[in-house]
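Heads up, the thing below is written out as structure tokens.
The values are calculated or read from the model by the stated rules, or taken from the named source; none is laboratory data. Fair warning: this is a prediction, and the values are worked out from it, not measured in the lab. We place every Cβ from the backbone using ideal geometry, glycine too, and count neighbours over all the protein chains shown. Heads up: the accessible areas ignore ligands, DNA and RNA and are worked out on the full protein's heavy atoms, side chains in. Shrake-Rupley method; radii C 1.70, N 1.55, O 1.52, S 1.80 Å.
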Amino acid sequence: MELLKKKIREEGIVLSEQVLKVDSFLNHQIDPVLMLEIGRTFAGLFADSDVTKVLTLESSGIAPAVMTALELKVNVIFARKRKSLTLRDGLFTEKVYSFTKQEESEVSVSGKFLSPGDRVLIVDDFLANGEAALAMARIAMQAQAEVAGIGIVIEKAFQPGGAKLREQGYRVESLARVASLGNGQVLFA
Ligand code: 5GP
């Protein structure tokens with residue numbers, strides 16, 4: 001997606017050879033016009049996949065997921081990282097190792113919102129090792145729902161997540177694929 005690549009070129013900050021910071025439009029401040037374009041693009045890519053729910057992880061996945069769900073006219077669920085007092089019973093919970101925080105945590109979705117027969121489109125901001133996407137896929141499995149596909153805003157193609165997910169048979173669509181972050185530069189695949 002050219003608009004997204006332009007934004008990454010202009011505003012992305014290479015923090016290391018592994019980590020890209022995009023807090024001016026995705027991870028802290030949010031550009032809603034770009035998010036709407038992202039949502040439209042995912043909705044177009046998965047138009048024939050009979051998606052019934054969009055599933056993401058709080059918090060950075062929510063903006064692209066909401067725009068995608070708006071275009072597909074389905075609801076969006078975000079897996080919660082902390083169990084709230086109002087979210088206790090009938091939870092689907094999975095462990096996820098956080099790439100950015102380098103620690104394991106649990107994410108949960110209420111059983112009320114995912115059912116057998118649902119076709120789930122997983123949406124996330126970044127793909128690195130695939131841990132977050134796989135945790136969401138396992139949550140869908142717990143609910144006996146099907147994963148219709150995985151939409152990633154920025155895939156770091158030099159990390160193993162994309163290959164891992166595709167080998168497992170998931171359809172993964174990324175809107176920008178980064179080949180490397182060497183020398184403080186973003187190189188696209
Ligand atoms: P994975 O679970 O695929 O290893 O990593 C994806 C998750 O880690 C995403 O949900 C995202 O929040 C975070 N993440 C991974 N790499 C980056 C990165 O380079 N920049 C930012 N801002 N977040 C990242």
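Being open to solvent by 50 Å² or more (accessible area, probe 1.4 Å) and within 15 Å of the ligand (Cβ to nearest atom) is the filter here, so list the residues in region 24-57 that pass it.
Residues satisfying the conditions are N27, H28, Q29, I30.
Give region 1-22 a look and list any residue that's within 16 Å of the ligand (Cβ to nearest atom) and in a loop (DSSP other than H, G, I, E, B), or say none.
Initial filter on region 1-22 (within 16 Å of the ligand (Cβ to nearest atom)): 4-5, 7-9, 11-22.
Hits for region 1-22 are G12, L15, S16, E17, Q18, V19, V22.
Only one residue in A79, A69, A137 is out of contact with any His (no Cβ under 9 Å at 6 or more places or on another chain), under 22 Å from G169 (Cα atoms) and surrounded by 18 or more Cβ atoms within 10 Å (Cβ to Cβ), so which one is that?
Working: A79 fails: under 22 Å from G169 (Cα atoms); A69 fails: under 22 Å from G169 (Cα atoms).
It is A137.
Residue by residue through region 23-61, note down the ones that are under 19 Å from D118 (Cβ atoms), in a helix (DSSP H, G or I) and within 13 Å of the chain's Cα centre (by Cα).
F42
Looking at region 165-174, can you tell me whether even one residue there is open to solvent by less than 10 Å² (accessible area, probe 1.4 Å) and within 17 Å of the chain's Cα centre (by Cα)?
yes
For region 141-153, indicate whether the set of residues that are among the charged types (D, E, K, R), over 19 Å from R40 (Cβ atoms), open to solvent by 10 Å² or more (accessible area, probe 1.4 Å) and more than 10 Å from the ligand (Cβ to nearest atom) is non-empty.
yes
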